[in-house]
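Laboratory data are not the source of any read-out in this text; all were calculated from the coordinates shown. The structure displayed is predicted, hence computed values, not measured ones. With ideal geometry, Cβ positions are generated from the backbone for all residues, glycine too; neighbour counts draw on all protein chains shown.
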Amino acid sequence: MSVPLSILDLVTISEGSTARDAIAATMESARLADRLGYHRLWFAEHHNTPNLAASATALLISQAASVTERIRVGSGGVMLPNHAPLMVAEQYGTLAAMHGDRIDLGLGRAPGTDMMTAQALSRSSSDPQAFAGSIYDMQGWFSETGTAHSMAIKSAVSAGTQVPIWVLGSTVNGASIAGQLGLPFSIASHFAPDQVDDAIRVYRESFSTEAPTAQIDRPYVMAGINVLVADTDDEAEREFTVVEQMFMDVQHGRSRKIQPPMHPATLAGQGGGNQPMLRIKAVGAPDTVKAQLEEFVQRTGADELIITTYAYDSAVRDRSLQLLADCWF
């Protein structure tokens, strides 16, 4: 039943702290995750978000790779419509040249922000065909020749790096694209729980090894899940109110940094708690969380889990990572 555990980090900025503080705390957590045996550490791309410092994913990946030795480091993901594919190939090829075979490139079609900010990022088409074509070209730039498949443009820095590409998604549409391209699929079930079972089924049913982009010989699913482990169930539920407040702020159009935890009853009195988008979670003491994770793996057949842990105090996040590693690995 045990599957690899990976980490998705959004580099959260707590009230009273700065982006610099958040990045420093994230790098300490990266060192810990590397020692504990987590499989991957991915950084998500977000923009115009006051409580997240995960915007320049390639820079975060490079720094995390430089302070770790074993763990794979990558993007979860690069929102491809915000970027020129050649630039992405050059950046991730450079990362692979610097840090070796530990770099992953997860790609998504969403903007990772609001539409006004997307326009400021010179956002291009998110059409599935354009997305697939960009992946095909990037694979050419990562190949031994370093040449795009659709044009005679070479990338010396990425040639031969063979950086593995993942498709990110939260719906059956994204799952179908990942399957048809013959690529591993990372499903954002940690914030989009409604289509999880259908999306995974569609991915497996549509998976093709005949696509020119195919890089694996069988479907591979990594599923996202919110996790908070503490010494007791009650303590974990209290700490989990941090992310519940964050999602409540989004719903109410409120812009603020990550807030301290509060008693769950207090949050419920403010109209928060039990967020529908956070239904897929494992929160509690180690034994509680282990059972919840095993149940989720059993339900989905996921080949790997990627956990997201939000905390006001980075020491709480690190404690959660330690407790989870102790009961899982």
> How many percent of Cα pairs in the stretch 127-221 exceed 15 Å?
Replying inline: 59 percent
> Taking R0 as 45 Å, what's the FRET efficiency between D197 and R256 from their Cβ-Cβ distance, rounded to 0.05?
Replying inline: 0.85
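Kindly state, to the nearest 0.05, the FRET efficiency for E15 paired with T266, given R0 = 25 Å and r defined as their beta-carbon distance.
0.90
Find the Cα radius of gyration of the chain, compare it with 2.2 N^0.38 Å by division, and give the number to two decimals.
Values: Rg = 19.1 Å, N = 329, 2.2 N^0.38 = 19.9 Å.
In units of the 2.2 N^0.38 Å rule of thumb, it is 0.96.
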> In terms of modelled amide H atoms, which long-range or inter-chain residues lie less than 5 Å from the amide H of W42?
Replying inline: I7, L8, D9, G74
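I'm a student and want to see the number: the projected area of the Cα convex hull of the stretch 1-63, averaged over all directions, in nm². Walk me through the numbers before you get to the answer.
Working: hull surface 19.3 nm².
Its Cα hull, projected and averaged over all orientations, spans 4.8 nm².
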> How about K290: which lysines have a C-alpha closer than 18 Å to its C-alpha, ignoring those fewer than 8 places off in the same chain?
Replying inline: K281
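Dipole of the chain, Cα-centred, from +1 at each Lys and Arg C-beta and -1 at each Asp and Glu C-beta, to the nearest 20 debye?
Values: 23 positive and 36 negative charges, 116 e Å.
In total the dipole reaches around 560 debye.
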>> Among V229, M277, S255, which residue has its Cα furthest toward the positive end of the charge dipole of the stretch 225-329, with +1 on Lys/Arg Cβ and -1 on Asp/Glu Cβ?
In response: S255
>> Suppose we keep just the alpha-carbon trace of the stretch 184-301; what are its Rg and Dmax in angstrom?
In response: 17.3, 54
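Say R0 is 22 Å: what FRET efficiency, to the nearest 0.05, do T147 and S66 get from their beta-carbon distance? Before the final figure, lay out each step's value.
On the way: r = 29 Å, r/R0 = 1.34.
According to the calculation, E is roughly 0.15.
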> If you bin every alpha carbon distance in the stretch 262-329 into 10 Å steps from zero, what whole percent lands in each bin?
Replying inline: 17, 45, 32, 7
> Roughly how many nanometres apart are two label points built 7 Å out from the Cα toward the Cβ at Q298 and A84?
Replying inline: 5.2 nm
